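A short reminder: the numbers here are calculations on the coordinates, not readings from a lab. Keep in mind it's a predicted model, so treat the numbers as computed, not measured. Neighbour counts run over all protein chains shown; Cβ positions are idealised from the backbone, glycine included.
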Amino acid sequence: MNILIIGSEGFIGSHLYSFFKTKHTVYTCDINASANPENHFLLNAAHPDFNSVFEQQQFQYCINASGSGNVGYSFVQTENDFTLNTANVFHLLTAIKTFNSTCKFINFSSAAVYGNPLSLPVSETAAVQPLSPYGYHKYYSELICKEFYHLFGIQSCNLRVFSAYGPGLQKQLFWDIYQKGIQTPTVELLGNGSETRDFIFIDDLCLAIKTIINSDCFHADVINVASGIEVKISTAATLLTQHLFGNKQVVFTNQTNQGNPINWQADITKLNSLGFTPKTSIDQGLTHYANWIKNKFAI
């Protein structure tokens, strides 16, 4: 099986490459050069030419793990966030339609499309009510997938990924905890700690995508990708802080960031029905993440 990973040098893309390369032919594509240059397509960041990729090679699956994943950035650089998370999906699907129409497209959407759900766990049929440009742009990318499926027959699947984490992640909550822990006597975080997230460890995310590839969910479907478990931010933050720094205290400022939801828990019934079961608990996952930090940064 030939698989193309767009955004292959990023956190999720690099893990997907390692996961699939042992049994499949994996081609990588990014605006950054690869440490594994074989089968790698290097794109111009300002003007990525997806046509040239699909002109050169045929793929059975294209996984789009590119784009921006920063809610705050989307408020400041809204147009660029739209380009990265929405327009590029249109350009990718246009290239597939033109040169490789049988290629199945896996699009990384986001749980951000839900905003603050009216009830939990939130299923794929819940109302779409984003709180940020990022959330809207991810939803627009889903609509583009529907457009290309219903009008042109391009098969696709949209993954509404919740809070993915694991070794290699150098942004968002857990990286922030590490950075603050090495710089200050206490770990100070926004919010009050009672906010919740549905964390999915990167190995489970890769397994979920393998499960979806083996399914018949390419009719512009949307699928929640998560653990299905609601975890308080205070619980996760305390666990990681203990793994990294022992008894260092975690404190919360009671201030919030614009665009961030309060509580998240995914209904993963649809993903479960395909044969997926998460294997990594939050404590196990944070242990792996802490060990990666300790080994890489010698703390």
- Item | Distance from segment 1-66 to segment 221-272 (C-alpha centre basis), Å | 30 Å
- In nm, what is the difference between 0.36 nm times the number of residues separating His24 and Ser194 and their Cα-Cα distance? 56.9 nm
- Once the in-chain neighbours fewer than 8 apart are removed, the lysines whose Cα is under 16 Å from Lys180 read Lys171, Lys248, Lys294
- Note on the structure: What helix-only [θ] at 222 nm does the chain give? Using -39500 (n - 2.57) per DSSP H run of at least 4, over all residues, to the nearest 500, the answer is -12000 deg cm²/dmol
- Kindly provide the GluC sites (Glu not before Pro) of segment 24-79 that DSSP labels as loop, not H, G, I, E or B, and whose Cβ sees at most 10 other Cβ atoms within 10 Å. Glu38
- Query: Taking the Cα centre of the chain as origin and charging only Cβ (+1 Lys, Arg; -1 Asp, Glu), how large is the dipole, in debye to the nearest 20?
  - Reply: 480 debye
- Could you work out which residue, out of Thr287, Thr184, Thr83, moves most in a Gaussian network model of the chain, that is, has the largest mean-square fluctuation with Cα springs under 10 Å? Thr184
- Item | Relative contact order computed over segment 126-280 (Cα-Cα under 8 Å; 6+ residues apart), in percent | 32 percent
- Item | Rg/Rh for segment 74-178, where both radii come from Cα atoms and Rh is the Kirkwood radius | 1.01
- Note on the structure: Projected area averaged over all directions for the convex hull of the alpha carbon atoms of segment 24-107, nm², comes out at 5.8 nm²
- Restricting attention to segment 263-299, which chymotrypsin sites (Phe, Trp or Tyr not before Pro) occupy a DSSP loop and are surrounded by at most 13 other Cβ atoms within 10 Å? none
- Message: Percent of Cα-Cα pairs more than 19 Å apart in segment 138-297, please.
- Response: 59 percent
- Query: What dipole magnitude, in Debye to the nearest 20, does segment 53-150 give about its Cα centre under +1 on Lys/Arg Cβ and -1 on Asp/Glu Cβ?
  - Reply: 140 debye
- Task: Quick one: order Ser109, Ser34 by neighbouring beta-carbon count within 10 Å, fewest to most.
- Result: Ser34, Ser109
- Query: Can you give me the relative contact order of the chain as a percent, contacts being Cα pairs under 8 Å and 6 or more apart?
  - Reply: 18 percent
- Lys146 to Trp292: FRET efficiency via 1/(1 + (r/R0)^6), r the Cβ-Cβ distance, R0 41 Å, to the nearest 0.05? 0.65
- Could you tally the net charge around Phe162, taking each other residue with its Cβ under 14 Å from the Cβ of Phe162, Lys/Arg +1 and Asp/Glu -1? -2
- Name the residue, out of Asn214, Asn51, Asn80, whose mean-square fluctuation peaks in a Gaussian network model built on the chain with Cα pairs under 10 Å. Asn214
- Considering only Tyr139, Ser74, Ala127, whose Cα is most displaced toward the positive end of the charge dipole of segment 1-154, charges sitting on Cβ of Lys, Arg (+1) and Asp, Glu (-1)? Ala127
- Can you pull the semi-axes for segment 159-223, root of five times each eigenvalue of the Cα gyration tensor, sorted largest first, whole Å? 32, 14, 8
- Treating the Cα atoms of the chain as identical point scatterers in vacuum, please give the log10 of the normalised Debye intensity I(q)/I(0) at q = 0.13 Å⁻¹, two decimals. -0.92
- Message: What lysines does Lys270 reach when the alpha-carbon gap must be under 27 Å and sequence neighbours fewer than 8 apart in one chain are set aside?
- Response: Lys21, Lys23, Lys104, Lys138, Lys146, Lys210, Lys232, Lys279
- Message: Let me check against my output: what whole-number percent is the relative contact order of segment 51-210, with C-alpha pairs under 8 Å and at least 6 apart?
- Response: 23 percent
